[in-house]
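Right, one structure below, let's go through it.
The values are calculated or read from the model by the stated rules, or taken from the named source; none is laboratory data. Keep in mind the model is a prediction, meaning the values are calculated, not measured. Note: ideal-geometry Cβ built from the backbone for every residue, glycine included; neighbour counts use all protein chains shown.
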Amino acid sequence: MENYHIMFYGASGGHICAHLVLQSGRHYCLYDQPLLDKSEFDSKFHEVKTWNWDLMEQAKWRSHHSWPNNELTHSSKISGMHKLFFTCAPNESRDPAGDPDTYGHDYRDHEKYQPCVPILIWTDIDTQTELARYKVSRWFRRNDLGVYYYWKTYAPFKEEWNSLYSQHRLEGWPEISIEDIPKLNHRMLGQIKNVKPLCDFLDIADREPGWSIWKESLATEKYNGYEVERSVYLMLQENCIPIRLQEIAKTRGRILTDLLDLPWTEEHGKLIDDWLELHTDQLKSMLLD
């Protein structure tokens, strides 16, 4: 038995996979405070699972996730248990949630917390983008004012924004580029939202034809017959164990536990079943493909 490091890129199922490992009762991670023994961790994990999945509100998907503290886990010890580390968007920017398509070979997140075995949960770009849109994750993360964080990933719409803004710009409004949109304050954003064509533009990549235009613009590579996000592809070239999210869903988690030499029980299967039910029929079909 070894320490493991679950890694993934936004919306690719990292949290459910981490919970499958923890469900086996042989690994632990810490969230917000040190824990003394297995019983304390089991109690905390039950609380986390309940909040993450049983009480899940789809519109608030990301706010239901409980993020382990790797540094706290690394410096801790619980007798008789191994450690589980957890990283979203490994080897990307220092933004904890990952700045999309900023993979840097010098970050080496997958080599941290040794000794441990790094595991990459991945999926194809079609599934990942649909999951991200549904969960308001990765490219679709929004700030406190409800605006996408990563407008710089929406380059195909720069000319459309410039044209719309110049047509509807009111006297006294500053120059605003597409990259400036996430930085707008409440007052300026409110004024822009009062202009319907500008307000409609803010969700352009959530619907057609913007959705297809945006997705086509993403940097991707081919891996084992699947089109994957560029960062995913680069991480798949590193020394880690790759597991496709669909295989985890189809085997009700068993492919993961078997690979890591962990016991699988019906509770693992129920965890996957309940997780799948939180998705739309379209997404469930993609996840079970």
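Tabulated data
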| read-out | value |
| --- | --- |
| Residues being surrounded by fewer than 18 Cβ atoms within 10 Å (Cβ to Cβ), hydroxyl-bearing (Ser, Thr, Tyr), in contact with a strand residue (DSSP E or B) (Cβ under 9 Å, 6 or more places away or on another chain) and part of a helix (DSSP H, G or I) - total across segment 46-102 | 0 |
| Residue that is surrounded by the most Cβ atoms within 10 Å (Cβ to Cβ) [pool: residues in segment 251-289 that are over 21 Å from the mean Cα position of the chain (by Cα) and of a type in the set (Lys, Arg)] | Arg254 |
| Leading residue by the ranking (farthest from Lys215 (Cα to Cα)) among those in segment 59-109 that are more than 14 Å from the chain's Cα centre (by Cα) and of a type in the set (Lys, Arg) | Lys77 |
| Residue tally, condition under 29 Å from the mean Cα position of the chain (by Cα) and surrounded by 17 or more Cβ atoms within 10 Å (Cβ to Cβ), over segment 177-214 | 12 |
| Candidates Tyr150, Tyr165, Tyr226 - the one that is hydroxyl-bearing (Ser, Thr, Tyr), surrounded by 14 or more Cβ atoms within 10 Å (Cβ to Cβ) and without any contact (Cβ under 8 Å) to a residue 40 or more places away in the chain | Tyr165 |
| Residues (outside any loop (DSSP other than H, G, I, E, B) and either in contact with a Phe, Trp or Tyr (Cβ under 8 Å, 6 or more places away or on another chain) or under 22 Å from Ala59 (Cα atoms) (or both)) located in segment 103-117 | Val117 |
| Condition check for His27: over 18 Å from the mean Cα position of the chain (by Cα) and buried (at least 22 other Cβ atoms within 10 Å of the Cβ) | yes |
| Selection from segment 223-254 of residues that are of a type in the set (D, E, K, R) and either in a helix (DSSP H, G or I) or in the same structural domain as Pro182 (by TED's automatic domain parsing) (or both) | Arg230, Glu247, Lys250, Arg254 |
